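Working notes, structure below.
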């Protein structure tokens, strides 16, 4: 069975595991206040052009999302989020459990626009009964989006401008950041992220680590006492250096960027194969490819490969997702590409 | 200035005020555990055919909504609500502040359907990743709806059946219950409410009281320790008998039903006047009438009457709301009807 | 039965009821944005020497407490409160339901000291693991306290200084403010409150109103968007002018101060009677008197008067509470004083 | 530097790391629904005599505590906890952030008693104003306690009986469970835990794992939909099998019990050494030893060993904590024992 069902079905890149093994007998201070985390943060900051950024390491995506939002908002403030956003669709109401309403926007190809956000900001500012509605205060977007698309630098810049106009924070969920930065035709860098977002994550779990998300905070107002929020929300790892070791291994020498770029290249090979076979594809320049298959075609592939149903399409067809990852091999791609070409 | 802007712009029906004045020198036990509240609850229960119903009196609508929902749901459970629902649109995220997600449905003429609700129930039950989404557990609807329409007995019965199928609670926000029960062509009674809903409110604030909402709980699972939820959420009035006195005055001899029916009749007179003048009206068989006026027509009326803009309509027109209430007089109606007939 | 069991067992001072009756037919804008509330706020501000204070009117004490605390604190911040504090002991965990920990201090005669508060502030500031504990950010005290005592101006000034040193807010629960200001031997005025506290309430429910608490906010950081917190927590009365009318009636011509002073004088008469009879009294210069009675003495009084058991005392005796209020008459006092003198 | 400062300053037992390395290239289903987690749960259940127990694996202690408590309580219910309890003293108000009050009890040697708990249960049941206070519904204790002591089987049985009488849940925080089960003179087994507690954790982080806590739920009412709570609170590890692998490695062949027993034996050697030197020790039959040292003695040891200050003692002395762990070697113990003997 060759697994394309997601990008988190295997352990870690060997360099990460080696780092863990190598330091297993060493002693460290607890709770993420250790030299390894500091070094990892420094490695990340080299890519940011933002020496004052705060970098925190947390274990998981839902955890970092709910913690960051809890830290940013006062109780009557809400989050703007695409309907497809992970915090809205797949985190069991974690944001609401933390007390905050989510205002949803209908995305186009996974993205929401500056104009849509501005409308909500304007609605609030001009409302005669402002105290009866929540204040939209934080914009949550994913990079890449849930469907694998990315925002252009222009789009992000426009969203930033709207956030400035209405006093909103911009928070970018980068659970697949590495793949987003390597997007075919993409023009956004980590430096841009640090310049445009108030907070963003750099995902480890799906990009070569056993687990872990780095949260970068650039907005001065969001930095103080952030560790209190991590602890309160159960996100402070006792052996915090385990996160530092992994991110240090990934960011030293740019491994993170390399393995994600290779995964995207492999996804593009698959995309070309599906396209050559004449199969309808959703737009995606990153490691997730959404393709429409007939029942027969699914049957032809599912004995040998794993992949995920996404949604039903007319004519009894199904849109399914194939993911590459840092762990995908050239052989796996070659095999699948050949089988795609041979599809009924 | 004659006020049609809303149904809560004056004090109370004289009978209510008299009851307060008459008992002002008497002493009562505090916190709603007093003979007056008991008597008021009994008066209400006469209309319910449900002797085991629990009746609580709270001061306001947002308060009773958030308290009832807090009492009914566990943290991972969510509320189904029309997009236009008061808890979603006008309560500053009170439900989310209490920790619960709201799943919205697009209403038709203010109403959501059993089929729409069933779809959300089915989605949850069949989800392979159920723990990543919230469980829709309580259906919130308003009777009448925000736009003045009402559910038919058939529609409510169907919704009840869906709630039974998926183990959901049905909660009916009756802030304007009196007007809903008197709806022209409506076929729902308080007895039906008690039979079909797990909880519902009987609004006092907009129906003759100074303030106060009666909450009727019929579902056995929702009754225990409900007073603890009232207190925790700040809704327990120290001089609770003030609520009992008002509801007793309103329900003794059916005053509540009478004054609301008269208000609806007056609204129907206005509706007929708008209609005769050829002005577009939204459907509404209750005390709120939404009519589309030109800028010129608005100018013609706004010097003498108050009414509320609802939303812009094409051609520079505006849909506005006229409300009658228990306090509206025949003279006021006659004056407005005449002025409608004379509109440019 | 003559009632001394509490100070909220009757309706309202006649002046309050008249104000409600007089304006019952008038129309007002909703939600507390009306000329009456404005006028009432102005009447209150005349006593504050603080023209920029924000004044909000809410219905009840638990409600105003939880709303004010929700508005003041971020999630990792906690409240300092005497063990006997109302928010800790009698509000069903409303503050914790809102997400905040309460750190308790052992009071002396109902009061906590600046030194005790400073210790908690110092503990936090010097903690090497600050992120593992909550930040004490708001000091909650009652004036008068739960046992009827009051803070002196010196004590309040010292607490203010500690709050300044550690960046804490001072919030004074004045559910019985009127009685506290009239305390025998007390030296604190409303002007002092406005100068020393960041927020404080002026209780109406127990001091002549049907219901209602005025919240005065002097700290600039706590003023913005406060109405959003009121609405979100279910504390915004639709017919908000009902609160304004009551406080206007009470503060115009100083009625509030007069009726509370008279109640305290009557309590002092009772105190003298108990004392003359040789019965042990807890210290209290306000309207609540706590006296230790034997079982026999309780029996002698309870047929004619209501009063509340507070706690058991050795020797089978009971400490009980007698409350006077704005509604207590001279005859009632004379009767009880005579019966005290005749106690077995 | 030889580290006795805590029991989580190193990586994992070699068997754990090997398990991770061995399966690094394998693919697994995500979110803890995988054969490894199932196998690990089965290994744990072999020690429980409770085949219907639910076993969940979470990353950290604060996380598992707040999740378990969120799942067990309704909003007006509270937790009974010793003042020294971790959830009260060291988790940044996580329980309160989740909405629940903590009622504290003064412990004796770290333990609270059945009688103390019964008093709170009785207070609630007999309260005439029950709705004004929270219902104590869950008892939280640690095994071993924060100061290294353990409950006897008798004590736990008594607490269970009180919980049954008042309808309370018993939740045991077993972050150091392995050391507690190996307590010198202790008589409690995992079987007892499963029989007496409604939920308890088996700590991995401090007992040989890189990270991870197993939560065992025996109470039927607490099992349904528990995974929804894990996800909502950010505690569901994407690569959940990493937790299963670790617990499988620890419980297969009883490694967990062996390494913890050895750590406790080493602690007893230290204890004997301190005792022989005549130094005052707090009672502790487990891996944490609290000893009172003079400033001079601390200076003599702190160049070579790490240990933690706990609290100041009179005479300028300090009570400090020495921890052994699964990673402590015989040589380290021998060295420290010799240096203790040679203390000034």
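A few points about this structure:
- In segment B:73-94, the residues that are more than 17 Å from residue A:99 (Cα to Cα), away from chain C (no Cβ under 14 Å) and touching a residue at least 40 places away in the same chain (Cβ under 8 Å): B:80, B:81, B:82, B:84, B:85
- Filter pass, residue A:157 being touching a strand residue (DSSP E or B) at 6+ places or on another chain (Cβ under 7 Å) and either at pLDDT 95 or above or away from chain D (no Cβ under 14 Å) (or both): no
- Within segment C:95-121, the set of residues being touching a strand residue (DSSP E or B) at 6+ places or on another chain (Cβ under 6 Å), part of a loop (DSSP other than H, G, I, E, B) and more than 14 Å from every other protein chain (Cβ to nearest Cβ) comprises C:107, C:112.
- The single residue among D:128, D:136, D:144 that is modelled with pLDDT under 95 and either within 14 Å of another protein chain (Cβ to nearest Cβ) or under 26 Å from residue D:61 (Cα atoms) (or both) turns out to be D:128.
Yes/no per residue for (1) part of a loop (DSSP other than H, G, I, E, B); (2) within 18 Å of the chain's Cα centre (by Cα); (3) in contact (Cβ under 8 Å) with a residue 60 or more places away in the chain:
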residue: D:26; (1), (2), (3): yes, no, no
residue: D:44; (1), (2), (3): no, yes, yes
residue: D:50; (1), (2), (3): yes, no, yes
residue: D:70; (1), (2), (3): no, no, yes
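- Test: residue in segment A:53-68 that is over 18 Å from the mean Cα position of the chain (by Cα) and more than 9 Å from chain D (Cβ to nearest Cβ): yes
- Within this structure, residue B:241 fails the test of being within 23 Å of residue B:144 (Cα to Cα), within 14 Å of chain C (Cβ to nearest Cβ) and crowded, with 18+ Cβ neighbours inside 10 Å.
- Selection of segment B:103-132 for residues being crowded, with 24+ Cβ neighbours inside 10 Å and closer than 27 Å to residue D:74 by Cα yields only B:117.
- Residue check for residue B:341: exposed (fewer than 13 other Cβ atoms within 10 Å of the Cβ) and touching a helix residue (DSSP H, G or I) at 6+ places or on another chain (Cβ under 8 Å): yes
- When the residues of segment B:5-24 are filtered to those that are at the interface with another protein chain (Cβ under 8 Å from one of its Cβ atoms) and part of a loop (DSSP other than H, G, I, E, B), the one that is farthest from residue C:241 (Cα to Cα) is B:23.
- Condition broken by residue D:310, with the remaining ones in (1) under 16 Å from residue D:5 (Cβ atoms); (2) without any contact (Cβ under 8 Å) to a residue 24 or more places away in the chain; (3) surrounded by fewer than 14 Cβ atoms within 10 Å (Cβ to Cβ) satisfied: (3)
- Entry remark, segment D:122-161: residues being part of a helix (DSSP H, G or I) and under 24 Å from residue D:201 (Cβ atoms) number 9 in total.
- Failed condition for residue B:246, given (1) surrounded by 24 or more Cβ atoms within 10 Å (Cβ to Cβ); (2) in a loop (DSSP other than H, G, I, E, B); (3) touching a strand residue (DSSP E or B) at 6+ places or on another chain (Cβ under 9 Å): (2)
- Exactly one residue out of C:199, C:168, C:193, C:177 is within 19 Å of the chain's Cα centre (by Cα), away from chain B (no Cβ under 14 Å) and under 27 Å from residue B:97 (Cα atoms): that is C:199.
- Going through (1) in a helix (DSSP H, G or I); (2) touching a strand residue (DSSP E or B) at 6+ places or on another chain (Cβ under 7 Å); (3) more than 11 Å from every other protein chain (Cβ to nearest Cβ) one by one, residue B:36 falls short only on (2).
- Residues satisfying the stated conditions in segment B:204-230, i.e. surrounded by 24 or more Cβ atoms within 10 Å (Cβ to Cβ) and part of a helix (DSSP H, G or I): B:229, B:230
- Filter result for residue A:74 (surrounded by fewer than 24 Cβ atoms within 10 Å (Cβ to Cβ), within 27 Å of residue D:66 (Cβ to Cβ), modelled with pLDDT of 95 or more and assigned by TED's automatic domain parsing to the domain that holds residue A:138): yes
The values are calculated or read from the model by the stated rules, or taken from the named source; none is laboratory data. In this text the structure is predicted, and so the values were computed from the model without any measurement. Glycine also receives a Cβ, built like all others from the backbone with ideal geometry; neighbour counts cover every protein chain displayed.
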